Amino acid sequence: MAELTNLESKLAEVLGLASAAKGAAEKVRGMLDEDERDLADRLEQMKDEASETERRCTEVAAQFDGKKTAIVEEGRQTKQEVTEMMQTYLAGESDALDGFEFLTMAEAGEVGHWAILKKLNERAGIVAVGELAEWALPIQERHLSGVLSGSTEIAGREDPNAAAD
């Protein structure tokens, strides 16, 4: 398999994170109550945008001669690692707050990865990577803001004096 540069490896990671985000949004959506439709809609939009991000990342990966397979494979490894982390974090949990707390961590990680990819590309100057990062970073920042506000919204309905589960 082709050896990846730092930039190509980071592209693989954001591809894998986008792929994992689809499953995470779906899992947390299933933890919501019926009356949390606005949060469910937010997660559905995030899932759709993660699918579009995954598609765009794969298109950009195809522009790296002979490295698309290696980038996609490293992306799959990242997805697997994040999925395992989610399963560990949410093991036995059915509380929407726990789900949103996980998503807050995950989205913060995505924002960081996209910012790093953008920075790496400042020196590399690959137009397609730059355009992808310029498109994706604001979306990821919005996702982070959305899950953080969802976390605090859910926490605001919790009884702070109730016994923890």
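GLY146 versus (1) buried (at least 18 other Cβ atoms within 10 Å of the Cβ); (2) of a type in the set (Gly, Ala, Ser); (3) closer than 17 Å to ARG55 by Cβ: which is the lone unmet condition?
Of (1) buried (at least 18 other Cβ atoms within 10 Å of the Cβ); (2) of a type in the set (Gly, Ala, Ser); (3) closer than 17 Å to ARG55 by Cβ, only one is false for GLY146: (3).
Yes or no, residue by residue, for (1) in a helix (DSSP H, G or I); (2) over 17 Å from the mean Cα position of the chain (by Cα); (3) within 15 Å of HIS143 (Cβ to Cβ):
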site	(1), (2), (3)
ALA20	yes, no, yes
LYS27	yes, no, no
ASP35	no, yes, no
GLU49	yes, no, yes
THR53	yes, no, yes
GLU59	yes, yes, no
THR69	yes, yes, no
GLU74	yes, no, no
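Results for (1) surrounded by 14 or more Cβ atoms within 10 Å (Cβ to Cβ); (2) among the aliphatic types (A, V, I, L, M); (3) at pLDDT below 95, shown as yes or no for each residue.
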| position | (1), (2), (3) |
| --- | --- |
| ALA40 | yes, yes, no |
| ASP48 | no, no, no |
| GLU59 | no, no, no |
| PHE64 | yes, no, no |
| LYS67 | yes, no, no |
| ILE71 | yes, yes, no |
| THR78 | yes, no, no |
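For segment 122-139, indicate whether the set of residues that are at pLDDT 95 or above, under 16 Å from LEU43 (Cβ atoms) and of a type outside the set (A, V, I, L, M) is non-empty.
no
Matching residues to (1) touching an Asp or Glu at 6+ places or on another chain (Cβ under 8 Å); (2) of a type in the set (Gly, Ala, Ser):
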| site | (1), (2) |
| --- | --- |
| THR5 | no, no |
| SER9 | yes, yes |
| GLU13 | yes, no |
| ALA25 | yes, yes |
| LEU32 | no, no |
| GLU36 | no, no |
| LYS47 | yes, no |
| THR53 | no, no |
| CYS57 | no, no |
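If the Cβ limit is 6 Å and pairs must be 6+ apart or interchain, which residue in segment 138-161 that is closer than 15 Å to LEU97 by Cα pairs with which residue that is among the aromatic types (Phe, Trp, Tyr)?
VAL147/PHE100; GLY150/PHE100; SER151/PHE100; ILE154/PHE100
Give LEU11, LEU43, LEU15 a once-over and let me know the one that is assigned to a helix (DSSP H, G or I), over 17 Å from ALA106 (Cβ atoms), within 14 Å of the chain's Cα centre (by Cα) and of a type outside the set (Asp, Glu).
That would be LEU11, the only listed residue that is assigned to a helix (DSSP H, G or I), over 17 Å from ALA106 (Cβ atoms), within 14 Å of the chain's Cα centre (by Cα) and of a type outside the set (Asp, Glu).
Being more than 19 Å from the chain's Cα centre (by Cα) and basic (Lys, Arg) is the filter here, so list the residues in segment 112-165 that pass it.
ARG123, ARG157
Going by what's in this entry, would GLN87 be described as surrounded by fewer than 17 Cβ atoms within 10 Å (Cβ to Cβ), more than 13 Å from the chain's Cα centre (by Cα), in contact (Cβ under 8 Å) with a residue 60 or more places away in the chain and more than 23 Å from VAL127 (Cβ to Cβ)?
For GLN87, the condition - surrounded by fewer than 17 Cβ atoms within 10 Å (Cβ to Cβ), more than 13 Å from the chain's Cα centre (by Cα), in contact (Cβ under 8 Å) with a residue 60 or more places away in the chain and more than 23 Å from VAL127 (Cβ to Cβ) - is not met.
With the requirement that a residue be β-branched (Val, Ile, Thr), in a helix (DSSP H, G or I) and crowded, with 16+ Cβ neighbours inside 10 Å, what does segment 93-141 give you?
THR104, VAL111, ILE116, VAL129, ILE139
The values are calculated or read from the model by the stated rules, or taken from the named source; none is laboratory data. Everything numeric in this text was worked out from a predicted model, so none of it was measured. Neighbour counts run over all protein chains shown; Cβ positions are idealised from the backbone, glycine included.
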